Amino acid sequence: MHYEDDENYFRGYEWWLMKEAKRRNPNITLVALPWAFPGWVGHGKNWPYDYPDITASYVVNWFLGAKKYHDLDVDYVGIWNERNFDAKYIKVLRNTLDKVGLTGVGIIAADGDWSIADSLILDPDLNDSVEVIGAHYPGTTTVADALKTRKKLWSSEDYSTFNDEVGGGCWARILNQNYVNGNMTATISWNLVASYYDDLPFGRDGLMTAEEPWSGNYVVESPIWITAHTTQFTQPGWTYLQTVGHLAQGGSYVALTDGKGNLTVVMETMTHDHSVCIRPPLPHFNVTSQKATFQLKGSFAPVEELQVWRSQFNFQTKTPTFFKKLPPLKLANGSFSLDLATDEVYTFTTVAAGTKGSFPEPPPSARFPKAYKDDFDARNPPFSEAPNFADQTGVFEYHVNLSDPGPHVFTLRQVLTERPVTWAADADQTVSVIGDYQWQNLTVACDVFMEEVRTGGVFVAARVDRGGQSIRSAAGVYFWVFADGTYKVTNDIAGQTILAEGLSGTRAYHWYTLSITVTGQFASGSLNGYPLWKNAVVLTPKNGWAAIGTNSFQLAQFDNFAVVAD
């Protein structure tokens, strides 16, 4: 809901992602967590809790739309990513969910640290509203007050680590030790798949990598196989046994059951240097090779055979083997022993349905095309965004401009007119980047259309060197035109370092073609094919993406984007 009277349940890619996940596993759990809210929720403030009824209605409408338009039942909802919680809002959210029949939706709070536990103990109504205490990057530990609540404890965001073998080791360690050390029964990876430009913040911090839609290349990284050690042999609803812990010479083991006679034991012996996560800091510990013996008791004593799956990271030889099925293990009187090396993961299970999935050979990796065009003429686009553009601030969506009598009926439009309520440090400008971060010499051209008479302003840019939370300090070469008839060329998105400026004759509600060429240390620009400025000196940055954007949160349109790089 970009605006208060605007409901569109077909924006973005996550509806598609959830439906595809449900197709593959109808029993998968879906969790929603607001990272930001539209500006109207805050009524001009960067804060969503002053009007809790409005914020709760916005969130609940999303749940209702998920069911009505996509037949998706979302199971849990968080509060606000890694920001302070508000007890009144949580209670209002619970009541609002209940009023519309969403009594089964559980609230996770508060997606930061464990501090909400104190409030739950002191406030019975708040305690009744919350089903799960969720912490981000807990370092496998919890606090006494969280345990006292007897709530489900989740690591509701974790990992965010480069997905090489050390990243796989991080994932193996915390999947086990979040429960062993902290009684957390769920660990949620941020993020699922690294499908964004590698040089943006947290590049390749996903369980696998698929960052080249233009080539179709993808890489199934080690965290995928480490995940399978747990998820192929358990399901939501299984319970951890209390007999879990640390191995004598380092490492850990957990045991889970479905309550129907099935047992799964997952064991890891990851060493310190081979299991470091990006956060929090990891205290030193030692792991050495060892012999481990296990004795099954109680209802599991009759088990005579366990299926065995193993991953070996083999950091010294650099020849890892992941998720390999070994011969079944025969038990004698419920007992089994094995020799464990370091940096290994084992699954021992009564579940015989495990399999190492296969996938087609991916297309070869390729750099972003050096010559790229998009006229945005998408009659029935599968997604609201144009391919390959990565919005850093603002929202750039396909638009049908029926009032245009000329060739600009199908365009890309920046649609936000108010800064979102967000937890991150956004720029005052909107910007969407595209291309290859290594580009140095390039020409970027685009037709632009301003929709603000007095304050309208748009740009095309080259060598944009930052994104994400760092976008407000991004350098590059930005060619701006404004509705007051002026232009400006700046070396930064904030517009502080001016390379050239003057009159352009531009105004709102007219189409213009902007073109910027950067070669070596010089940049030049043209308006409607005529040179407007030239030989501006650009010492830094040396490389970066192409980009389009606006000078504030305002409506503006773009068409016939093109880039050519050397």
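A short reminder: the numbers here are calculations on the coordinates, not readings from a lab. Fair warning: this is a prediction, and the values are worked out from it, not measured in the lab. Reconstructed Cβ throughout: ideal geometry from the backbone, glycine too, with neighbour counts over all protein chains shown.
Laid out as a table, the results:
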item	result
Stokes-Einstein D (µm²/s) once Rh is taken as the Kirkwood radius of the range 494-547 over alpha-carbon pairs, at 25 °C in 0.890 mPa s	194 µm²/s
Under 14 Å, Cβ to Cβ, from Phe285 - net charge with Lys/Arg +1 and Asp/Glu -1	-2
Principal axes of the range 219-295: Cα extent on each, largest first, Å	39, 36, 21
Coarse-grained scattering of the range 261-379 at q = 0.19 Å⁻¹, given as base-10 log I(q)/I(0) from a Debye sum over alpha-carbon atoms	-1.13
Derived scalar couplings ³J(HN,Hα) [the range 29-39; Karplus, 6.51 cos²θ - 1.76 cosθ + 1.60; whole Hz; x for Gly, Pro]	8, 10, 10, 10, 9, x, 9, 8, 10, x, x
Listed residue (Pro360, Phe323, Gln307) projecting farthest to the positive dipole end of the range 297-446, Cβ model	Gln307
Computed over the chain, Kirkwood Rh from alpha-carbon pairs, angstrom	26.2 Å
Label-point separation, Ile28 to Glu501 (7 Å along Cα→Cβ), nm	5.1 nm
Kyte-Doolittle mean at least -0.5 and Cα axial length at least 20 Å: DSSP H helices in the chain	52-70, 165-182
For the range 146-214, the Rg and Dmax computed from alpha carbons only, in angstrom	14.3, 51
Average projection area in nm² (convex hull over Cα atoms of the range 196-252, one quarter of hull surface)	6.6 nm²
Total charge dipole magnitude, the range 295-383, about the Cα centre, Cβ charges on Lys, Arg, Asp, Glu only, Debye to nearest 20	140 debye
Paired Rg and Dmax values of the range 1-137, which use every Cα atom, in angstrom	14.9, 42
Whole-number D in µm² s⁻¹ for the range 372-444, Kirkwood Cα-pair radius fed into Stokes-Einstein, 25 °C, 0.890 mPa s	172 µm²/s
For the range 345-484, the spread of Cα positions along each principal axis, largest first, Å	72, 36, 36
For the range 516-561, alpha-carbon Rg relative to the globular expectation (2.2 N^0.38 Å, N residues)	1.36
Assigned charges on the beta-carbon of Lys, Arg, Asp, Glu; the range 480-566 dipole about Cα centre (debye)	80 debye
Debye-sum result for the range 455-519 in log10 I(q)/I(0), which assumes one identical scatterer on each alpha carbon, at q = 0.13, 0.16 Å⁻¹	-0.35, -0.53
Sequence ranges 355-364, 329-338, 385-394, ranked by mean other-Cβ count within 10 angstrom, highest first	385-394, 329-338, 355-364
Burial order of peptide ranges 61-71, 150-160 (average beta-carbon count within 10 Å, highest first)	150-160, 61-71
Stokes-Einstein diffusion coefficient of the range 405-479, Kirkwood radius over Cα pairs, 20 °C, 1.002 mPa s, in µm²/s	147 µm²/s
Tail weight of P(r) past 13 Å, computed on alpha-carbon pairs of the range 119-180, percent	66 percent
Distance in nm between pseudo-label sites at Gln295 and Thr319 (7 Å out along the Cβ direction from Cα)	3.9 nm
Value in Å of the Kirkwood radius, where the range 66-198 supplies the Cα pairs that are averaged	15.9 Å
Area projected by the alpha carbon convex hull of the range 470-566, averaged over all directions, nm²	6.4 nm²
Percentage of interatomic Cα-Cα distances in the range 168-303 larger than 20 Å	53 percent
Intensity falloff of the range 296-365 expressed as log10 I(q)/I(0), Debye formula with alpha-carbon point scatterers, at q = 0.13, 0.25 Å⁻¹	-0.51, -1.15
Cβ-Cβ FRET estimate between Asn286 and Phe202, R0 fixed at 25 Å, reported to 0.05	0.25
For the range 1-47, the fraction of alpha-carbon pairs in successive 5 Å shells from zero, as %	5, 17, 19, 20, 15, 11, 8, 4, 1
